[in-house]
Amino acid sequence: MIENILKKAENEKKLTDDEFLTLFSIDEPENLKKLYQTAVNIRNNHSKIIKLTSTVHITNKCQVQPRCKYCGFAVNTSRDGYYNAFYKSDEEIYKAVKSIEEARIPRVSCSGGHGYKGKQAVHAAEIVKGDTELEILVNVGADLTEKSINRLAELNADTVCCNLETTNEEVFNYVKPGETLEDRVNVCEMVSDAGIELSSGLLLGLGESNEDRLEHLRFLNNFKTLGEIPIMGFNPYNDTPMENHPPCPLDDQLKVVSIVRIMYPEIRITVPTPTIGPKNVEYSLNAGASNLATVIADNYPLEVKGVGSPTYGNLSEVVSVIESLGLYPQYL
Ligand code: SF4
């Protein structure tokens, strides 16, 4: 039965919800391997080029209150995170993006907390698009207005990311008590309406079911400019309300990566090296991912800690893993 579903998937025929739920329920190593291989074959049929995305964290000052329960990024949330407040100056942003350009990483993600109505995002896009050849992904969550989104479109910002994390509203409201799912969906709609590529991902392991994940993945298809789906596994940060919540098992993350590849054969699937773990980059590529985020070169001038984990992927290590798998890192 699994073989038949995977054969249908490899021929890029649409699967039914029941077939997807059968794939979600796979847990025998042999069948998992077949699932991952199917996803890899689909990705490789379209492209063997792997995108690399570096990062600039603009600010960890965030007005969302109460804080998202998993957040180790915002001021005072975790001693393993940034902890102390920062707002990067123009010069710091400029130096960081120039170092990314010098390292020939083609793309930068500029992200930060809420409370600026998108001004922090627009400002970063002005620097990146004005002074570098880099592609930019902007991620300030739901902290965007129609005006700031239109300005990002004028600046030719390549991608705007607004992760829904989970479309199970009960789980969303529990882990993100200071935000609403509706606000995030509205931002995704505005990004799509402005004609900017949308990135919108899942944070796995918050308490959502496989049915929720399937519904979420189907829901994303409503956004006409959807071009990227980040798959992140929950990883607890010390000192946060979720510090004792179990991390999302790696197999679960990989399974979802493969299922996304089957559902969206050509989409950019992003795994942030912090939440998959720098050593697990190989597994995620072998499950069908096509973009590695939070890749940092040796010349990078700033300290880096993510929302979900304080680690990152070193450029040369990441590149050697990509090449060892017969894939090609995309350089600037
Ligand atoms: S996860 Fe993002 S939106 Fe939530 S509290 Fe942290 S910085 Fe703010």
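Bear in mind that the values in this text are calculations on the coordinates, not laboratory data. All of these numbers come straight from a predicted model, not from anything done at the bench. Note that each Cβ is placed from the backbone with ideal geometry, even for glycine, and that neighbours are counted across all protein chains shown.
In table form, for the structure just shown:
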quantity: Computed lengthening from E243 to T145, 0.36 nm per intervening residue step minus Cα-Cα distance; calculated: 32.0 nm
quantity: Charge-dipole axis of the chain as Lys and Arg at +1 and Asp and Glu at -1 on Cβ define it, positive-most pick from A289, F86, L214; calculated: F86
quantity: Extension gain from S25 to N299, taking 0.36 nm per residue of separation minus the Cα-Cα distance; calculated: 94.3 nm
quantity: For the chain: relative contact order, % (alpha-carbon pairs under 8 angstrom, 6 or more apart); calculated: 23
quantity: Structure-based [θ]222 nm, the chain - -39500 (n - 2.57) summed over DSSP H runs of at least 4, per residue, nearest 500; calculated: -12000 deg cm²/dmol
quantity: Relative contact order, percent, the stretch 164-235 [alpha-carbon distance under 8 Å, six or more residues apart]; calculated: 39
quantity: Distance in nm between pseudo-label sites at N4 and S209 (7 Å out along the Cβ direction from Cα); calculated: 2.5
quantity: Antiparallel DSSP beta bridges within the stretch 31-175, percent to nearest 5; calculated: 5
quantity: Partnerless Cys - the chain, beta-carbon criterion under 4.7 Å; calculated: C62, C110, C161, C162, C188, C248
quantity: Lys/Arg +1, Asp/Glu -1 at C-beta; the stretch 2-329 dipole; positive extreme among P247, I42, V64; calculated: I42
quantity: Sites D193 and N84, calculated FRET efficiency, Cβ-Cβ separation with R0 25 Å, nearest 0.05; calculated: 0.10
quantity: For K34, net neighbour charge (Lys/Arg +1, Asp/Glu -1) across residues whose Cβ lies under 11 Å away; calculated: -2
quantity: Sparse-neighbour loop sites [trypsin sites (Lys or Arg not before Pro); the stretch 145-252; at most 16 other C-beta within 10 Å; DSSP]; calculated: K224
quantity: Stretch gain in nm, segment Y174-K117, where the contour uses 0.36 nm per residue and the Cα spacing is subtracted; calculated: 18.1 nm
quantity: Helix 119-131 axis, angle to the chain major axis (alpha carbon atoms, nearest 10°); calculated: 90
quantity: Candidates T166, T270, T22, ranked by Gaussian network fluctuation over the chain, Cα under 10 Å, top entry; calculated: T22
quantity: DSSP-defined beta bridges in the chain - what % are antiparallel, rounded to 5; calculated: 5
quantity: Environment charge at I2 (Cβ cut-off 14 Å; Lys +1, Arg +1, Asp -1, Glu -1); calculated: -2
quantity: Test item: Cα-centred dipole of the chain, Lys/Arg +1 and Asp/Glu -1 on Cβ, debye; calculated: 400
